[in-house]
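Student: Mind having a look at this structure? Questions to follow.
The values are calculated or read from the model by the stated rules, or taken from the named source; none is laboratory data. Keep in mind that this is a model prediction, so the values were computed, not measured. Please note: Cβ atoms are built from the backbone with ideal geometry, for glycine as well, and neighbour counts cover all protein chains shown. The area values use the complete protein model at the heavy-atom level, side chains included, leaving out ligands, DNA and RNA. Shrake-Rupley method; radii C 1.70, N 1.55, O 1.52, S 1.80 Å.
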Amino acid sequence: MSVPTLKQAPIQEHTRILGLGAFRPDVIVTNEDVCQWIDSSDEWIRQRTGIVTRHRAPAGVSVIDMAEGAAREAMDKAGIQASDLGAVIVSTVTHPYATPSAAAALADRLGATPAPAFDISAACAGYCYGIAQGDALVRSGAAKYVLVVGAEKLSDVIDNRERTISFLLGDGAGAVVIGPSETPGIAPSVWGSDGSKWDAIGMTRSMLDVRDLGLAARQSDSTGDLALLEEAQELYPTLRQDGQTVFRWAVWEMAKVAQQAMDAAGVRAEDLVAFIPHQANMRIIDEMVKKLKLPETVTVARDIADAGNTSAASIPLATHRLLAEKPELSGGLALQIGFGAGLVFGAQVVVLP
């Protein structure tokens, strides 16, 4: 039996980031505001984290609202229409619905339907995961242009009274358009996970626990079980972290991943114009800079001071601010690395748009 020769999509040799956008909510929460909820001080928070303020979205602003704002700017800068998109990828852990995805809703709002659309659940590494997938989709010929968005409304999943992570977190969205290029613009990605530390950052309970507690609360309402009723009032899962475990893992292991990303790109630290790490903690950023022995010519993104930790949104937001403050960096090489809950990580060297 003869087998017909299949057609395959033409391979695109090179890709790059063509446009970048950002959305920062208007509500600014200071350290003094945070100290209304936890026993701390502005000085302690600054010394431990480098954070001065963080942006948080009001009740009427959703993950998809923020993603749309960032996406429209990215598409405008890339000079493309929504109908040009071959895929829409949204990295988020705070879209409040298991299904449908935030990406599908975003694609509809933008007018990108029927482009394939899907979410990534990789927390703080999610943006770098999205870059890896967008790059692969364009180079494989599966899409000409891919929209990658990191969007988080972390204020929805924190308990303001909790002091391991709540005071660190902010809201926002960043987006890029990846498309074809005549020269290399995205180096090979170094990404992975360490599931043995899955409980270092996570939620207080699962949604199954919420269901069971809700059923118990209904029962207690008729029996007068006050303990169950009080527990039911705290149903919603919120974030917690083991700060020391995360700090040590980020400092010791992620510097190695960052170096691997430079090696994969065939560049040295002195070839970079910028280092854009996930904005988790200023001390982590400073330690990584030391371990990588970055020269003073490399500009280090420190958006965390004003934006807090925005998980999947942090790298594109930090990149957006960096280019707004130093537009001369455009066209230069930047090392970006995301790491966090899971524990998952991703890094690559890119040409700044």
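Student: For LEU322, which of the numbered conditions (1) more than 19 Å from LYS153 (Cα to Cα); (2) part of a helix (DSSP H, G or I); (3) open to solvent by 20 Å² or more (accessible area, probe 1.4 Å) fails to hold?
Tutor: Exception for LEU322: condition (3).
Student: Further, regarding this structure: hydroxyl-bearing (Ser, Thr, Tyr) and outside any helix (DSSP H, G or I) - does that describe any residue in segment 67-84?
Tutor: Checking segment 67-84: not a single residue is hydroxyl-bearing (Ser, Thr, Tyr) and outside any helix (DSSP H, G or I).
Student: Checking ASP84 against (1) closer than 22 Å to LEU137 by Cα; (2) open to solvent by less than 40 Å² (accessible area, probe 1.4 Å), which single condition isn't satisfied?
Tutor: Looking at each condition in turn, ASP84 falls short on (2).
Student: I'm checking my understanding of the structure. Among residues of segment 2-14 that are open to solvent by less than 100 Å² (accessible area, probe 1.4 Å) and either under 27 Å from the mean Cα position of the chain (by Cα) or of a type in the set (Ser, Thr, Tyr) (or both), which one is farthest from ALA70 (Cα to Cα)?
Tutor: Per the criteria, the residue is GLN12.
Student: Within segment 99-143, track down each residue that is in contact with a helix residue (DSSP H, G or I) (Cβ under 9 Å, 6 or more places away or on another chain), under 22 Å from SER193 (Cα atoms) and not β-branched (Val, Ile, Thr).
Tutor: Within segment 99-143, PHE118, ASP119, ALA122, ALA123, CYS124, ALA125, GLY126, TYR127, CYS128, TYR129, GLY130 qualify.
Student: Among the residues of segment 56-72, is any surrounded by 15 or more Cβ atoms within 10 Å (Cβ to Cβ), under 30 Å from PRO184 (Cα atoms) and either of a type in the set (Lys, Arg) or more than 16 Å from the chain's Cα centre (by Cα) (or both)?
Tutor: So far as segment 56-72 goes, yes, one or more of its residues are surrounded by 15 or more Cβ atoms within 10 Å (Cβ to Cβ), under 30 Å from PRO184 (Cα atoms) and either of a type in the set (Lys, Arg) or more than 16 Å from the chain's Cα centre (by Cα) (or both).
Student: Let me ask something else about it. Test each condition in (1) part of a loop (DSSP other than H, G, I, E, B); (2) open to solvent by less than 40 Å² (accessible area, probe 1.4 Å); (3) not aromatic (Phe, Trp, Tyr) for THR113 and report the one that comes out false.
Tutor: Unmet condition: (2).
Student: Could you run through segment 204-257 and say how many residues are among the small types (Gly, Ala, Ser), at pLDDT 65 or above and either open to solvent by 60 Å² or more (accessible area, probe 1.4 Å) or assigned to a helix (DSSP H, G or I) (or both)?
Tutor: 5
Student: Moving on to the next point. Of all residues in segment 15-37, which are surrounded by fewer than 20 Cβ atoms within 10 Å (Cβ to Cβ), in contact with a helix residue (DSSP H, G or I) (Cβ under 8 Å, 6 or more places away or on another chain) and either within 30 Å of PRO353 (Cβ to Cβ) or at pLDDT below 95 (or both)?
Tutor: Result: TRP37, single match.
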